[in-house]
Amino acid sequence: MFKAAGIDPDFEDYSRIDDAFRHDAMLGSIGGGNHFVEFGSVDTIIDGGFARLAGLSKSALVIIVHSGSLDFGQRIGTATRERMIGRKSSRWDRRILSQADDAELLTRFAIGQANAVNAAFVNRFFLGIQAVEALSRCLGRDLHFHTVYDAPHNAIWFDGSGTALHRKGACPARGGADLESATFRWVGEPVILPGSMGDGSWLLAGAGNAGLLNSSAHGAGRRLSRQEARREPSNFDRLRVVGPVDLESPSLRSRPDIRAEALGRLREEAPAAYRPIDDVVDAMCDAGMVRRVARIKPLLTVKG
């Protein structure tokens, strides 16, 4: 069993106050790729009891935040790989840490990744606060809000027996009996499953399927790779896209390269590049991973 306590030195150095550039200044930013902050409203409620526990009602405004530890997690992973490569060992490519041979390094990695997970929690909290503040300023009044749930989708979970479960691209979907939370103790763990821009998201309840490692998908998943999506004609008629580059600006007529790159980045995250969210939910429910709670209709998506 590993007790991930304290601050990893690499992580601590990464946010030192006397650095010329403070990496912790990134906190409160969305990041890149498929990360986003989305405003939506509860469109359909399937499980009214769970929705009440979560404090959700029909047409309620919700904010969904999908972001991680930014550069912090990558820092921990890179530092760990460098130490593994530096060790003389016959182990294949030094990509595998074992409790027997690398206990000290494994413990340090566990601490570092716990630091990165905590940074991701803080980052999502800051993004949520900023979204509420922006909406409050637009409406000209104070808004009351509460957190429904927050879960990582790239973290290692250590249990008391020394077993490590790495959920990569997956989030926990434990049943009520496996939870310490008093709120969801009898109904299962909340699972937030976002779709593509414009496709909506689902709030689900974890079914505690031990055969599937008490886990579920954390998003709709890509249908096309980023390079494939760039070559795919995309229809943005349903979406109003506002970005730093106006693709219809006359000033871009002489710079087709800039327009092509901006359009390519849009296509990477277009709805057609992702699987339909309802198809994914159907498969997960059929497999006994989760149960449906509420569907959320997107109103505004902010991408990194």
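Nothing in this text is a laboratory measurement; each read-out follows from the coordinates by a stated rule. Note that the structure is a prediction, hence the values are computed from the model and not measured. Every residue, glycine as well, gets a Cβ built from its backbone with ideal geometry; the counts of neighbours run over all protein chains shown.
For segment 151-304, what is Rg from Cα atoms divided by 2.2 N^0.38 Å, rounded to two decimals?
Working: Rg = 19.2 Å, N = 154, 2.2 N^0.38 = 14.9 Å.
Dividing the Cα Rg of segment 151-304 by 2.2 N^0.38 Å gives 1.29.
The stretch between ALA103 and ASP246 holds 46.1 nm of extra length on full extension. This uses 0.36 nm per residue minus the Cα-Cα distance. With 20 Å bins from zero, work out the P(r) of the chain over every alpha carbon pair and list the percent per bin. Histogramming the chain at 20 Å steps yields 28, 57, 16, 0 percent. One way to sum up the overall shape of segment 213-287 is the equivalent ellipsoid from its Cα gyration tensor, whose semi-axes run 33, 12, 10 Å, largest first. Extending 7 Å from the Cα toward the beta-carbon at both ARG223 and LEU143 defines two label points whose distance is 3.1 nm. Between ILE7 and SER181, full extension at 0.36 nm per residue minus the direct alpha carbon distance yields a gain of 60.0 nm. Label point 7 Å out from ILE129 along Cα-to-Cβ: which residues of segment 27-49 have amide N under 20 Å? Answer for this model: 27-31, 36-39. For segment 157-213, the Kirkwood hydrodynamic radius from C-alpha pairs, put into Stokes-Einstein at 4 °C and a viscosity of 1.567 mPa s, yields a diffusion coefficient of 102 µm² per second.
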